[in-house]
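Just so you know, all these numbers are worked out from the coordinates, no wet-lab data involved. Since this is a predicted model, take the numbers as computed values, not measurements. Positions of Cβ are backbone-derived with ideal geometry, glycine not excepted, and every protein chain shown enters the neighbour counts.
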Amino acid sequence: MGSCKFHTLAALSFTLVVLLLGGVVAQGQTPEFRALAFYSTNVEPDHVRTGNEGLAFFRELAAKENFAFDTTTDWDKLNDTDLKSYQVILWINDFPHTATQRAAFENYMEHGGGWLGLHVAAYNDASTNWPWFVNFLGGAVFYTNNWPVQRAKMVIDDPNHPVTKGMPASYLAPSNEWYQWKPSPRLDKDVRVLVTLDPSNYPIGVKDVITQGDMPIVWTNTKYRMLYMNMGHGEGVFADPTQNQLFANAILWLGKEKPTRASQGGER
């Protein structure tokens, strides 16, 4: 009986060692790319809540897809030294507010960096005074939004892009505060619109109502490795499987896409 216990314990110990060693090997795998997410905790409570949901989603995705996902609330890490380690950066619920941070971001993007911006990350108006960023977005300047948050039908403009690969022709997106831009980024020759709010949603909103106009929701400026997604302020933004596929495709595309000559500071 004692001998059986000994052999059983030995077998269990050996199995545990194997599992532990296997875990170390798995954790020691070289990540396919490194991503750094910037977020803020001193912004609108709804932005904080949705931002935390987004961070949880990308952390889980990183574990499944073997990429490194770091987070920070220190926007001063938008500097040349810290950004060197990352192929993609995300702005989850805010944007840089100092000239130094902005200059570092410009340099990062002009030399092949990748950027995924959600919702308020692209907000700009006359007061933000950042012309480079407006051009980066394809000339888009914030114009108006619906309120309160509302579900809306999305239409996939470009089913052949890696970000929209496998997506249905249209889907009903979770509640969100949808932004409208003027001029529409679609008018920029370098912009590729991937997802648009279907006009059948109009009028959208109750307190703040949008009744007409072009509303790109997801787009890329092809001069850079960048993608903007308007989702990020609503209920269940990261709880819908179809939309989550869009988020996953987005970061995986940016992380694995090789910088073009143009985005490395070459001729444009």
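For Leu137, which sequence-distant residues (separation of 5 or more, or a different chain) have an amide H within less than 5 Å of its own amide H, given hydrogens modelled in the peptide plane?
Here nothing satisfies the definition.
Got a sec? How would Ser85, Ser170, Ser40, Ser127 order by Cβ neighbour count within 10 Å, fewest to most?
Going from sparsest to densest Cβ surroundings: Ser127, Ser85, Ser170, Ser40.
If I take every Cα pair under 8 Å that is 6 or more residues apart in the chain, average their sequence separation and divide by the length, what percent do I get for the relative contact order?
20
Computed from these coordinates, which is Rg and Dmax of the Cα atoms in Å: [x] 21.7, 78; [y] 21.4, 82; [z] 17.6, 53?
[y]
Amide H neighbours of Met231 under 5 Å, counting only residues 5+ apart in sequence or on other chains, H built in-plane at 1.01 Å?
Distant-sequence amide H within range of Met231: His119.
If I model a spin label as a point 7 Å beyond the Cα along the Cα-Cβ vector, how far apart are those points for Ala63 and Ser170 in nm?
Result: 3.7 nm between the two label points.
Provide the percentage of antiparallel DSSP beta bridges, counting only those with both residues in the chain; round to the nearest 5.
In the chain, DSSP labels about 55 percent of beta bridges as antiparallel.
Give, in nm to one decimal, the length gained when the segment between Thr41 and Thr222 is fully stretched (0.36 nm per residue of separation minus the Cα-Cα distance).
Result: 62.0 nm gained on full extension.
Check Ile89: other-chain or 5+ apart residues with amide H under 5 Å from its amide H, H built from backbone geometry?
Leu36, Gly114, Trp115, Leu116
By a straight-distance test (C-alpha under 15 Å), which aspartates and glutamates pair with Lys256 as possible cross-link partners, with residues fewer than eight away in the same chain excluded?
Cα-Cα hits under 15 Å: Glu32, Glu65.
Counting other beta carbons within 10 Å of each Cβ, put Tyr108, Tyr123, Tyr228 in order, fewest first.
Tyr123, Tyr108, Tyr228
By how many nm would the segment from Glu32 to Ala56 grow when fully extended, if each residue of separation counts as 0.36 nm and the alpha-carbon distance is taken off?
6.7 nm
Which whole-Hz ³J(HN,Hα) couplings does region 34-46 yield from phi under the Karplus relation 6.51 cos²θ - 1.76 cosθ + 1.60, θ = phi - 60°, glycine and proline marked x?
Karplus values, whole Hz, x for Gly and Pro: 10, 10, 10, 9, 9, 8, 10, 10, 10, 10, 3, x, 5.
For a protection proxy built on the mean count of beta-carbon atoms within 10 angstrom, sort 42-49, 231-238 highest first, please.
Ranking the peptides 42-49, 231-238 by packing returns 231-238, 42-49.
Quote the FRET efficiency, to the nearest 0.05, computed for Thr211 versus Val141 with a Förster distance R0 of 25 Å and r equal to the Cβ-Cβ distance.
About 0.80, to the nearest 0.05.
Residue separation times 0.36 nm, minus the C-alpha to C-alpha distance between Lys189 and Ala248: what's the value?
Gain in length upon complete extension: 18.6 nm.
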